[in-house]
1. Is at least one residue of the stretch 226-235 closer than 30 Å to Glu141 by Cα, hydroxyl-bearing (Ser, Thr, Tyr) and not in a helix (DSSP H, G or I)?
2. Give the residues of the stretch 142-187 that are among the polar types (S, T, N, Q) and at pLDDT below 95, sorted by residue number.
3. Would you check which residues across the stretch 225-266 are small (Gly, Ala, Ser) and touching a helix residue (DSSP H, G or I) at 6+ places or on another chain (Cβ under 8 Å) and list them?
4. Does the stretch 384-415 hold any residues that are open to solvent by 50 Å² or more (accessible area, probe 1.4 Å), assigned to a helix (DSSP H, G or I) and among the charged types (D, E, K, R), and which are they?
5. Would you pick out the residues in the stretch 159-186 that are under 27 Å from Val222 (Cβ atoms) and outside any loop (DSSP other than H, G, I, E, B)?
6. Could you list, in sequence order, the residues of the stretch 310-352 that are buried (at least 22 other Cβ atoms within 10 Å of the Cβ), aliphatic (A, V, I, L, M) and either under 30 Å from Ser224 (Cα atoms) or at pLDDT 95 or above (or both)?
7. Tell me, which residue of the stretch 396-424 that is among the hydroxyl-bearing types (Ser, Thr, Tyr) and touching a residue at least 24 places away in the same chain (Cβ under 8 Å) is farthest from Pro242 (Cα to Cα)?
8. Given the criterion open to solvent by less than 50 Å² (accessible area, probe 1.4 Å) and at pLDDT 95 or above, identify the matching residue among Gln381, Gln434, Gln358.
Amino acid sequence: MTTRRKLLAAAAFTVAGTLALTACSGGGDAGGDSGDKTITFMFRGGPDEKAAYEAAIAKYTEDTGTKVKVIVTDADQYATKLQAAVAGNNVPDVFYIEQASLQSYVASGVLLDITDQVENSDVDLSNIWEYGVNSYRFDGEVQGTPDGAIYGLPKDIGPFSFGYNKTMLEAAGIPLPDKDTPLTWDQFVDISKQLTVDKNGDGTLDQWGTGLNVQWNLQSMVWSNGGDWTNEDHTKVTVDTPEFAEALQKFADLTNVDKVTPSASDAATLDTYQRWMAGEIAFFPVGPWDVSVYNDLDFDYDLIPWPTVGDAGPATWIGSLGIGVSATSKHPDDAAKLVTYLSADPEAQQTLVDANIQIPNLIDVAQEWAAEEGAEPANRQEFLDIAQDYGRAMPAAFTYGAEWYDELWTNIQPVLDGKQTAADYLAEVQPKMQTLLDESIANAEQAG
């Protein structure tokens, strides 16, 4: 669903016998001489996800008689291979779609409007996370509106939570954070300083308070400080504000002033994700896609609200992947049935949730899941709180392309290295981002 999933999959994912994209038939009948009806489903994921989907699809075939040819790629190759399929007019019947790709796929006729199929099914949309359903609605002008046509259903939603190494805090005699009350930024930094130590006594730090990534963790800091990337209608870039600058500066200060993160040389030896996995970092983000791996770590971890920089309350982002149907599918109704099955069938959902790769799409199932005795992590409810309360869409999730957003990260390194102030950098980059956003809006109007 997200880049953290991409990073994990890129590091650990190999699938023997992955089918080539040429096996797709543009939604054609892949049943060969047998005449059996077969639809193709293309997705990305690691071994756990692949196994879970194969189990769910086997049950779907048993119940419906419709065969499904599964095409799996690793995360880093998915977008390239899907684009190649689109360019070659060889699109799978059913495939994962990114939020930021939806508008362009609709405009170019790649995605099928499945509103009628969904509304005529037994799917209760009110029992699926509203954010997930609306992410794949588009009325021709605005994505995410509850009145838009349905061009997909959520494969999942990914509330990006905050975790801590419970074993490390307990060993240091530090009281565990309250699961319902976010730490202030000063509290977070203070605890992180206490946990940044030389455990081996050799003069070299080997344990740190945190190890955040600016591209995936700055959002929480900016939003909790009252800043944002754009105005409400996504027409004006608003990164050059005191609130945004303060948040970015505090992020850089974690390395250069507070010194609670691994140095650049430390990270070059072993990145912060690997150090978290090795039990060397106290605070680190946790997505639902991480749980299957994190539950096997050699330390106990749990979830807490994100620390707050200002007084705007805790904030973080919710990612999502959708599942859509090719507009050229020869079996559109069967393809739409597979989409509704994977997104909303209770048994299929249970198969995916049991694999610890996502939270349930169905709200009632999710509430039972969060309350399970002996759950790992114990505070699963935090994922639901993000989904229901304080999670937001990524800044470029509902714009026509993300080039304007990506520009922020292009030359940000001097800020992170302490060689340029956040305020100076944001004043430089804001007009560049605005130009790209203006182009994005113009492209959307032209495509529409």
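1. In the first step, residues of the stretch 226-235 are kept if they are closer than 30 Å to Glu141 by Cα; the result is 226-235.
If we keep only those that are hydroxyl-bearing (Ser, Thr, Tyr) as well, we get 230, 235.
Now drop any that are not not in a helix (DSSP H, G or I), which leaves 230, 235.
Checked the stretch 226-235: at least one residue is closer than 30 Å to Glu141 by Cα, hydroxyl-bearing (Ser, Thr, Tyr) and not in a helix (DSSP H, G or I).
2. Looking only at the stretch 142-187, we keep the residues that are among the polar types (S, T, N, Q), and these are 143, 145, 161, 165, 167, 181, 184, 187.
Those that are among the polar types (S, T, N, Q) and at pLDDT below 95: Gln143, Thr145.
3. Pass one, the stretch 225-266, residues small (Gly, Ala, Ser): 226-227, 245, 247, 252, 263-265.
Within the stretch 225-266, Gly226, Gly227, Ala245, Ala247, Ala252, Ser263 qualify.
4. Asp389, Glu403, Asp406
5. Result: Pro159, Ser161, Phe162, Gly163, Tyr164, Asn165, Leu169, Thr184, Trp185, Asp186.
6. Matches in the stretch 310-352: Ala315, Ile318, Leu321, Ile323, Val325, Ala335, Ala336, Leu338, Val339, Leu342, Ala344.
7. Filtering the stretch 396-424 down to residues among the hydroxyl-bearing types (Ser, Thr, Tyr) leaves 399-400, 405, 410, 421.
Filter once more, so that each one left must be touching a residue at least 24 places away in the same chain (Cβ under 8 Å): 399-400, 405, 421.
Numbers: Thr399: 24, Tyr400: 27, Tyr405: 19, Thr421: 12 Å.
For the stretch 396-424, the residue satisfying everything is Tyr400.
8. Exactly one of Gln381, Gln434, Gln358 is open to solvent by less than 50 Å² (accessible area, probe 1.4 Å) and at pLDDT 95 or above, namely Gln434.
The values are calculated or read from the model by the stated rules, or taken from the named source; none is laboratory data. Since the model is a prediction, treat every value here as computed from it, not as a measurement. All Cβ positions, glycine included, derive from the backbone under ideal geometry; neighbour counts span all protein chains shown. The protein model used for the area step is the full one, side chains on, heavy atoms only, and it has no ligands, DNA or RNA in it. Shrake-Rupley method; radii C 1.70, N 1.55, O 1.52, S 1.80 Å.
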